[in-house]
């Protein structure tokens, strides 16, 4: 089973729709260096020096580490550098071109690393970053990383973080939830099978196929307060059951609703999903007109 993004082994940019991932080869070292330096340049005035990734030897890194390159519209846009250890996968470098920052590419690469680690039988992801990179630390915390320790480093503070991996079935379910909360329709849809089925529990078919699921969510993702808060998760084999409280903008105003969601996962993507919703609860502002 391959539940991480498929990787092209070297060569030119992936050609499927002008987007995709491929494994770096020695000839990519200069492009990796250029992208990384552009991505980290904004931090130089914050910490008063070049961050270590700007000075790394990428000829050696391509040879000794796993570096996967993300192309968007045939342009190298982001990369993730990983080191496989006996009991964890270390994320050494995550870099996104300035023009692509905020586009969900970092989240996609982190999800890819999580799935890759699971496929390698590694139970944990680890990374470290500069405490002054506040936006980065906040992103990792939102994605389930925890702070293990902080250490003084070059007149600053290094933050060491880790994340225990989910089961194989949980990866696409959590991936689509993270994308839902980011209101990123493209990231959301990558976790659904092309022939997926979407039901109102127990048997009312609401959408058949990825295109119909996408259509149902395009308008919803425009709601400014949209957010799903996970209350509880149960996983048995390839079935994941989530209990959530979802904040939405209903026709009568903003509020929240309790939802039970059942996902059946096959080959790393959601094949079927059933949803049971409680009655909406309008916020006090909406209730008072």
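The values are calculated or read from the model by the stated rules, or taken from the named source; none is laboratory data. Since this is a predicted model, take the numbers as computed values, not measurements. Every residue, glycine among them, receives a Cβ derived from its backbone with ideal geometry; neighbour counts consider all protein chains shown.
Structure notes:
- Taking the criterion of being buried (at least 17 other Cβ atoms within 10 Å of the Cβ), touching a helix residue (DSSP H, G or I) at 6+ places or on another chain (Cβ under 7 Å) and part of a helix (DSSP H, G or I), the residues of segment 16-36 that qualify are 28, 29, 32, 33, 36.
- Any hit, segment 88-98, residues being part of a loop (DSSP other than H, G, I, E, B), in the same structural domain as residue 65 (by TED's automatic domain parsing) and in contact with a helix residue (DSSP H, G or I) (Cβ under 8 Å, 6 or more places away or on another chain): yes
- Residue match in segment 131-152 (condition: surrounded by 16 or more Cβ atoms within 10 Å (Cβ to Cβ) and either assigned to a strand (DSSP E or B) or in the same structural domain as residue 28 (by TED's automatic domain parsing) (or both)): no
- The criterion of at least 3 residues that are outside the structural domain of residue 108 (by TED's automatic domain parsing) and in contact with a strand residue (DSSP E or B) (Cβ under 9 Å, 6 or more places away or on another chain) is met, among helices (runs of 4 or more DSSP H) falling completely within segment 170-273, by 170-182, 210-220.
- Of the residues making up segment 56-75, not a single one is part of a strand (DSSP E or B), surrounded by fewer than 18 Cβ atoms within 10 Å (Cβ to Cβ) and touching a strand residue (DSSP E or B) at 6+ places or on another chain (Cβ under 9 Å).
- Matching entry among 40, 71 (being under 23 Å from the mean Cα position of the chain (by Cα) and either farther than 19 Å from residue 129 by Cβ or in contact (Cβ under 8 Å) with a residue 60 or more places away in the chain (or both)): 71
- Scope segment 1-12; condition buried (at least 17 other Cβ atoms within 10 Å of the Cβ) and at pLDDT 55 or above; matching residues: 8
- Selection status of residue 96, modelled with pLDDT of 95 or more, within 16 Å of residue 21 (Cβ to Cβ), surrounded by 16 or more Cβ atoms within 10 Å (Cβ to Cβ) and in contact with a strand residue (DSSP E or B) (Cβ under 6 Å, 6 or more places away or on another chain): yes
- In segment 274-289, the residues that are in a loop (DSSP other than H, G, I, E, B) and either modelled with pLDDT of 95 or more or surrounded by 13 or more Cβ atoms within 10 Å (Cβ to Cβ) (or both): 278, 279, 280, 283
- Odd one out for residue 165, checked against (1) in the same structural domain as residue 233 (by TED's automatic domain parsing); (2) farther than 30 Å from residue 224 by Cβ; (3) touching a helix residue (DSSP H, G or I) at 6+ places or on another chain (Cβ under 8 Å): (1)
- When we screen 202, 224, 172 for residues that are modelled with pLDDT under 95, on the phi < 0 side of the Ramachandran plot and surrounded by fewer than 13 Cβ atoms within 10 Å (Cβ to Cβ), the only hit is 224.
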